[in-house]
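First the structure, in the form of structure tokens, and then the observations on it.
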Amino acid sequence: MGIFSRFTDIINSNINSILDKAEDPAKMVRLIIQEMEDTLVEVRSSSARTLADKKDLVRQINRFEKEVQQWQDKAELALSKDREDLARAALVEKKKCADNADSLNNELSNIEEHIAKLQEEISQLQDKLADAKARQQAILIREKTAHSRLKVKKNIDSNKVNEALGRFDQYERKIDDIESQIEAYEIGSKSLADEISELETDESVDNELAELKAKIKKG
């Protein structure tokens, strides 16, 4: 099983748990990033162990290949001494070592293929983690903005705001009434300057009216 399939299973189970509890998106994003980071640490540790196993396997292969050459030399020595039985036995041991080396080489090929895939998946996971962290900040900002807008909308549509605005209208009407009362008092009380000004206005109108009568009479 690849690390992404295993990681997806973990994420899906946690997301379902979050949705059941109706958690907020920001917490979900933080959880996903935490799971990605934990998975990355786990896979890196597994990769380190696999690399250590590979080195041990290479040492064993080198040892068997070295023993193959040693048994070959021993078989040649036995034949040079006319000991065909020992030469045969040496060749049998040589074949065992060669078979062991071949088997380990096949295992080494599988491990190297597994390591290559593992390294590729680690690289992909690192890229996805970097992308998730970059998008996390944007998501958090959007969440805060959405909450702020929602709060404003609730206040605008709240009856309390309408009631407060209604009280403002009442206060304005009361002030209008007070100002009307002041104007009423001012109408009933004229100052000396006002009365003299009115006399001057009346005299001016009378003079203009006399001139108009004279003009009409003359015509």
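Computed from the coordinates by the stated procedures, all read-outs in this text should not be read as laboratory data. Everything quoted here is computed from the prediction, not taken from an experiment. A quick note on method: Cβ atoms are made from the backbone with ideal geometry, for glycine too, and the neighbour counts reach across all protein chains shown.
For this structure, a couple of remarks:
- Were the residues from Glu113 through Gln181 laid out at 0.36 nm apart, the gain over their Cα-Cα distance would be 14.7 nm.
- Neighbourhood charge, 12 Å Cβ-Cβ cut-off, centred on Val68 and excluding it, Lys, Arg +1 and Asp, Glu -1: 0
- Pairs from the list Lys55/Lys128; Lys151/Lys174; Lys54/Lys94; Lys74/Lys96 with a Cα-Cα gap above 26 Å: Lys55/Lys128; Lys151/Lys174.
- Förster-model FRET efficiency, 45 Å R0, Asp73 and Ser123, C-beta, rounded to 0.05: 0.45
- Sorted fewest first by neighbouring Cβ atoms within 10 angstrom, Glu76, Glu203, Glu35 come out as Glu203, Glu76, Glu35.
- Charge tally in the Cβ shell below 14 Å around Leu104, where Lys, Arg are +1 and Asp, Glu are -1, Leu104 excluded: -2
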